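The values are calculated or read from the model by the stated rules, or taken from the named source; none is laboratory data. Small disclaimer: the values here were computed from a predicted structure and weren't measured. Glycine gets a Cβ as well: all are built from the backbone with ideal geometry, and neighbour counts include every protein chain shown. What goes into the accessible areas is simple: the full protein's heavy atoms, side chains included, and nothing from ligands, DNA or RNA. Shrake-Rupley method; radii C 1.70, N 1.55, O 1.52, S 1.80 Å.
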Amino acid sequence: MNFDRQAFHPIGLREGFGMRRAFAVLGTAIFLVLAPGTVAGLVPWWITRWHVQSPAMARLPVRLAGSFLVAAGIVVVLDSFARFALKGLGTPAPVFPTQHLVVSGFYRYVRNPMYVAVMSVIFGQALIFGSVALLGYAVVPWLAAHAFVVAYEEPKLRASFGAEYTAFCAAVPPWIPRLTPWQGPVGTG
């Protein structure tokens with residue numbers, strides 16, 4: 001028996017899909033400002049006031065390397081957050097998780113590109129400003145991210161996506177990016 005599934009959905013499947021995507025985009029934008037914005041923006045500013053701390057440590061080549069790390073990190077964070085909202089139809093926040101496992105873009109190189117990118121932004125700022133204190137601070141979010149991934153994210157993703165996530169884990173490392181992109185399932189998020 002064929003029936004129109006849209007007729008049985010209170011706001012229609014297409015409209016429901018659009019609403020989910022709209023909430024995903026809004027929630028992702030809010031989470032972007034609150035989480036990485038605080039960890040990689042506000043706290044480094046509190047520590048450095050964005051002034052050079054050690055001129056000897058902040059020579060031009062070091063500052064250029066830091067600038068590259070910051071710029072690359074921002075690109076990866078923005079791309080990864082957009083993929084969560086637009087492909088995964090959810091947010092990085094556990095309160096509104098994705099409906100689909102996101103395995104495209106930078107996720108083809110490393111399982112945790114958001115965390116790696118946030119650390120890149122923090123390390124880059126430490127190099128730009130010659131701040132040993134900021135390098136020390138970077139250990140805290142790194143350890144927190146690792147603990148969160150191991151204790152919560154990985155078990156949750158295994159439970160939610162089963163064999164798909166297991167295959168992804170087997171092919172893509174968690175922290176150090178692959179040199180070539182994973183050619184995993186075609187057409188997935």
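Assorted remarks:
- For K87, the solvent-accessible surface with a 1.4 Å probe is about 90 Å², rounded to the nearest 10.
- Computed from Cα positions, the angle between helix 154-171 and the longest principal axis of the chain comes to roughly 70 degrees.
- Folded to 0 to 90 degrees: helix 13-37 orientation relative to the chain principal axis, Cα: 10 degrees
- A protection proxy built from the mean count of other Cβ atoms within 10 Å ranks the segments 90-102, 136-148, 172-184, most packed first, as 90-102, 136-148, 172-184.
- For the listed peptides 110-120, 49-59, 160-170, a ranking on the average number of other beta carbons within 10 Å per residue, highest first, reads 110-120, 160-170, 49-59.
- Portion, in percent, of the accessible area of the chain that falls on carbon or sulfur, probe 1.4 Å: 71 percent
- Calculated Rg/Rh (Cα atoms, Kirkwood Rh) (choose from (1) 0.94; (2) 1.06; (3) 1.11), label: (2)
- Cα-based helix-to-principal-axis angle, 60-86 vs the chain, degrees rounded to 10: 10 degrees
- Whole-number percent relative contact order across the chain, with pairs defined as alpha carbons under 8 Å at least 6 apart: 27 percent
- Sites L179 and A71 - FRET efficiency at Förster radius 22 Å, r taken between beta-carbons, to 0.05: 0.60
- Per-residue surface analysis assigns L127 an accessible area of about 50 Å², computed on protein heavy atoms at 1.4 Å probe radius.
- Distance from region 124-139 to region 102-119 (C-alpha centre basis), Å: 22 Å
- Rounded accessible area per residue of region 46-189, 1.4 Å, Å²: 52 Å²
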